[in-house]
1. State which residue is farthest from the other protein chains (Cβ to nearest Cβ) when the search covers only segment A:468-497 and only residues that are open to solvent by 50 Å² or more (accessible area, probe 1.4 Å), of a type outside the set (Asp, Glu) and assigned to a strand (DSSP E or B).
2. Among the residues of segment A:419-435, is there at least one that is without any contact (Cβ under 8 Å) to a residue 12 or more places away in the chain and either on the phi > 0 side of the Ramachandran plot or open to solvent by less than 40 Å² (accessible area, probe 1.4 Å) (or both)?
3. Among the candidates B:Thr200, B:Thr215, single out the residue that is touching a residue at least 12 places away in the same chain (Cβ under 8 Å), within 14 Å of chain A (Cβ to nearest Cβ) and β-branched (Val, Ile, Thr).
4. I'd like to verify a number: residues in segment A:498-515 that are touching a strand residue (DSSP E or B) at 6+ places or on another chain (Cβ under 6 Å) and open to solvent by 30 Å² or more (accessible area, probe 1.4 Å), how many?
5. Every residue in segment B:152-164 that is open to solvent by 20 Å² or more (accessible area, probe 1.4 Å) and in contact (Cβ under 8 Å) with a residue 60 or more places away in the chain, please.
6. Going by the conditions given, is B:Arg316 part of a strand (DSSP E or B) and under 28 Å from B:Lys158 (Cβ atoms)?
7. As an exercise: evaluate B:Pro335 against (1) assigned to a loop (DSSP other than H, G, I, E, B); (2) in contact with a helix residue (DSSP H, G or I) (Cβ under 7 Å, 6 or more places away or on another chain) and give the number of the one condition it does not meet.
8. Out of segment A:445-467, which residues are in a loop (DSSP other than H, G, I, E, B) and either of a type in the set (D, E, K, R) or open to solvent by 80 Å² or more (accessible area, probe 1.4 Å) (or both)?
Amino acid sequence: MKFSTLRVIVPMLWLLMLASCSRREPTTWDSELSGPIAFGRLSLEQLVADSLMQADESGLWHLIFDESLTDFELDSIIQIPDTTIVKSYSLFVVGDFAPGFTLPIAPTQQITIQHPTAQLKQVRMKSGQLKYRLRSPVDGNLKCVFTIPGLTLNDVPQSIQIITQPPQNGDDFVTEGFIDLAGLELDLTGESGSSFNRIAATFSVVVDPESSQPATISPGDAIDFEMQFADPRVSYARGFFGTHYYDLNEQVDFSALANMPDGVLNLEETSMKFTIRNAVGVDAQIDFAEISNYNQLTQTSVSLEHPTLFNPLNITRAQENNGAVNAYEYDYEVNSSNSNLDAFFENLPTQFQVQGDVTINPLGNVADGNDFIYTDDALQAGFKMDIPLKLGMQNIHLADTLLLTNAAPEIPLDGSLLLWLKNGYPVEATVSLYIIENGQRINLAYNKKIEAAVPSNIPNTPTPSESWLEIEANEVLIAKLNQDNPLLIDVVLHTPGAPVAVGLYANQFIDFRLIVDGTYTLQYGE
Amino acid sequence: MRMNIALAFLCAVSIRTWAQVPSALLLSTDTAWRSKSMMAFLGGDAAIASNAVDVSFLEKSLLGGHLNRESLEALREEMPEYARIGYQANAQLELLNFRDTLFGKPKLGLRAAFSTNYAGYITFRPQAFETIYLGNSQSRSQSESLGPLYFQNQAWQKFGFGLFDKNTLSGVTLSLVEGQYYRQLQAEDLSLYTSAMADTLAFGVVGSYDRSDTTRSGWANGSGLGACIDFDYNIKLDNGKRIVSFSARNVGFVAWNEASEKYTMNSSLEWTGMDVSEWINGAIDSISMPEWRDSLKTTREQKALVKPLPATIQVRYLHRWKVNSFWETGCVFTPNRAAVPLVYVGMTHQIAKNVWLSERVNYGGYGSFSIGAEVQWLSAKSWFVRAGSNQLEGWVLPMAGGRSVYLNLGKNF
């Protein structure tokens, strides 16, 4: 063997060995795996919003809807409109006046608030500003004081004091400012103390005693003072608020709160309480014209029937005692014995509609101008529905879609998912699972039955039943579960013995476990 | 030639199954090659063997491919109670200086060597193989005892200098060892329970896991430093008609640095799935799988570790029974948890003036029976070539229990 031959063969052998030792692809194998994926416990309070479920002393679940029909915004009827007052005070003297000299102007005046309906005597301001602007042509320093005795903060009258300056470069002296009205009391009885919508004020002008120079007043000089109530908001008011009419047309949509099913439902012992609370010192009258519901799925509507609810309801005014308000509350019980409430709810409504009208001070000024209102606690109407979950269900159908993942999962599985359920509810279910792809249903599990719990000797505690649901799962199907293809869960509920009602109790729930069982392709070395 | 050496150096990922002085060098009566001033050896060995899995499995496990279920079931069916897989790989450059008298003794020569070495093994129970490769579906209501399971894998580089007897090639080499990486799992107790419904899996482990500094990689990276001795003691009897040889490789240790870690595990995990109750009721937006390492109760220590190198000790006996033939037998001990002593017997024939052909039957090590063969060519002028395999059937039979190759090239200067 020649050296040159070795020079070729040896490197080739080494390269051959190296090439043969490099990984070409992942190592894979199919392993038959069984194991748990997930578990959990389902109860009604998990499926329905917590705020809607309440258990009574026996543990029976009640579905509670507590809805406000309306908050009548009565504060709008007593709001002070934006008001601008412009006063020009003529100075009736001419010449030079020494510091401390009081100029002879009309000292008192009355500002009128133009309110279209309300006759206000007293208000407490929540917010807003009292803006002012003063113009003086006088060559000297004047001390101008504008006082509103009825505008007080902690019983201290508020005033505006301005020291004017001589005109400069031919321009009159002008100054502006504002008083923050938040928290201030305003007496609107005027100078007489018995009027309404009137604000008493005084204005005085003195040559500034602190000035070293006299003030020179020329013929025709006048001091202009402008005030503006800017965006005033009232937190309390007293007076006569006028007579007002409101339409009541409220709609409550439940579809976002609960996924209302379709099917035949038999309810027992449902009740509904209408509550009207009047914390305003005005009389009111509410007249419900119609209370109805609507099932969006079946497009059926049921109107509530009740012997007295649809008569005009007179609401007595609240009483005020040293700032404490005694509100009047009115409750109207509506139940299955005095109305068609069971049928009303068995319509499985998705919407409620209330129509009627409300009159404020229907008898006029019967309180001699002593209506009052605290605007943060006014007139409210609402209702509270109580549906004890004693029900008989015949083919109650629930369907919901679930987006499991955004990206198509790549799970190399060929087998099935086994769903074990231990059902503590006396309700049986038939479950189907589909993947929705391009509007078409791809069947994962069809009409799988979940057995109902069976009655036991212990009251309200049926013996749970176990069921197994086998769901086909393979790589192709799993990959379809992406952003565009949600999982559709279709459930049909049925109570054995329906329409006889059975109760759903807080001690009942469904335990479940999800188990994978199949051939899984494992790999490493990618 | 420089290119050849460079290529060989780079490509050498091979195994010194039981590196010893080549028999051709011991038995050759031609002393011309010793008359040169220096001899350089470049070589590498690679071998992997198992008593439980076949070459097809090993090849797909290491190089990729699909392990079909029928083959896995067949392997499980035939698997011994204590299964083992082991490998060794080595590439070495060695210089033997014949020229000068050393320490006033003309018989002594100087030896210098550099090598990169890899060795590892795993020993496991068939139940572990079955659970991993075939799954746990058939094990419902059972607690499978998967242990004990031992795994070790390490790599190191050696820079050695030593002395040798020019006549017998006996010698000692002391090497500085640079540890590249070290991993060791010792699971004394390992179990997996699958409940009847498969709604509960319980995994138990008692053992430890050691690993060297994971922030470093590559040759001589500073993860560990150590020393080792290699020696050969060749006794020529009856004027060289018989030779008894003792040798040892990698008798030493590596002190792995302070960034090494030791995990002690005595834990059991029970997996019943993710609790999705809160996800269903909307209390949380998403759920994710828990990190199993968080649940596995381990004690972690970061500290320096001193670990022995995977040494081998060999005894062999060569007997020339004809002018051009001799037979050989020997035993190789690899003291670790997986390997059993390897015994072999073989024949070597001088088929031409400088060419020897050998055949050999082996049993033990990481595998079971195997057949080896090699060819050696020692030219009088300057070259020595040795190529062979200790498990020849692994190159042609997929059901063989391993595969081996070695190639050495020597050059006199």
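1. A:His494
2. no
3. Matching residue, one of B:Thr200, B:Thr215: B:Thr200.
4. Summing the residues that are touching a strand residue (DSSP E or B) at 6+ places or on another chain (Cβ under 6 Å) and open to solvent by 30 Å² or more (accessible area, probe 1.4 Å) in segment A:498-515 gives 8.
5. The first filter runs over segment B:152-164 and keeps only residues open to solvent by 20 Å² or more (accessible area, probe 1.4 Å), leaving B:152-153, B:159, B:161, B:163.
Of everything in segment B:152-164, those that are open to solvent by 20 Å² or more (accessible area, probe 1.4 Å) and in contact (Cβ under 8 Å) with a residue 60 or more places away in the chain turn out to be B:Gln152, B:Leu163.
6. In short, yes.
7. (2)
8. Applying the first criterion (in a loop (DSSP other than H, G, I, E, B)) to segment A:445-467 yields A:451-453, A:455-462, A:464.
Hits for segment A:445-467 are A:Glu451, A:Pro455, A:Asn457, A:Ile458, A:Pro459.
The values are calculated or read from the model by the stated rules, or taken from the named source; none is laboratory data. Keep in mind the model is a prediction, meaning the values are calculated, not measured. For neighbour counting, all protein chains shown are included, and Cβ atoms are generated from backbone atoms with ideal geometry for every residue, glycine included. Heads up: the accessible areas ignore ligands, DNA and RNA and are worked out on the full protein's heavy atoms, side chains in. Shrake-Rupley method; radii C 1.70, N 1.55, O 1.52, S 1.80 Å.
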